[in-house]
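K.L.:
I'd like to ask you about the structure that follows.
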Amino acid sequence: MLKTTVKIDGMMCGMCEAHIKDVIRKTFPDAKKVSASHAKGEASFVSEKVDEALLKTAITDTGYTFVSADSAPYEKKGLFGLFK
Ligand SMILES: [Cu+2]
């Protein structure tokens, strides 16, 4: 699994966060832990794989500015979770 963090310009409130979360869920039906923060100007989600071009298009088409995206391996909480 990959955790993707997306920097987005243009989110102003909770409605914008909801829009972005909807778009992510629609674009990547397997996305989990979808979250968005207008204060931080970013959204994140966990999925099997990510098509960055698709993500960029989806966010742009919704009226927001895609700044960047970064994916990192995501570990499910297992044994290591005990030590956090
Ligand atoms: Cu808004």
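K.L.:
Hey, what angle do you get for helix 14-27 against the long axis of the chain, alpha-carbon based, 0 to 90 degrees rounded to 10?
P.N.:
With rounding to tens, the tilt is 70 degrees.
K.L.:
If you don't mind, there's one more thing I want to ask. Mind listing P(r) for region 2-74? All alpha-carbon pairs, 10 Å bins, whole percents.
P.N.:
Spelled out bin by bin, region 2-74 gives 23, 62, 15 percent.
K.L.:
Restricting to DSSP loop positions (anything but H, G, I, E, B) with no more than 11 other Cβ atoms inside 10 Å of their own Cβ, which GluC sites (Glu not before Pro) remain in the chain?
P.N.:
Of the GluC sites (Glu not before Pro), the ones in loops of the chain whose Cβ has at most 11 other Cβ atoms within 10 Å are Glu48, Glu75.
K.L.:
Given +1 on the Cβ of Lys and Arg, -1 on the Cβ of Asp and Glu, and no further charges, what dipole in debye does the chain carry about its Cα centre, rounded to the nearest 20?
P.N.:
Dipole about the Cα centre, nearest 20: 380 debye.
K.L.:
I would also like to ask the following. Helix 52-61 sits at what angle to the longest principal axis of the chain, using alpha carbons and giving 0 to 90 degrees rounded to 10?
P.N.:
Compared with the principal axis, the helix lies near 40 degrees.
K.L.:
Collect residues whose amide H, placed 1.01 Å from N in the peptide plane, falls under 5 Å from the amide H of Ile8; neighbours closer than 5 in sequence don't count.
P.N.:
Amide H to amide H, under 5 Å and 5 or more residues apart or across chains, Ile8 pairs with Glu42, Ala43, Val67.
K.L.:
What FRET efficiency do you get for Thr65 and Met1 if R0 is 30 Å and r is their Cβ-Cβ distance, rounded to the nearest 0.05?
P.N.:
0.65
K.L.:
Quote the FRET efficiency, to the nearest 0.05, computed for Ala53 versus Glu75 with a Förster distance R0 of 35 Å and r equal to the Cβ-Cβ distance.
P.N.:
That gives a FRET efficiency of 0.85.
All of the numbers you see were taken from the coordinates with simple rules; none came from a lab. Please read these numbers as outputs of a predicted model, since none were measured by experiment. Reconstructed Cβ throughout: ideal geometry from the backbone, glycine too, with neighbour counts over all protein chains shown.
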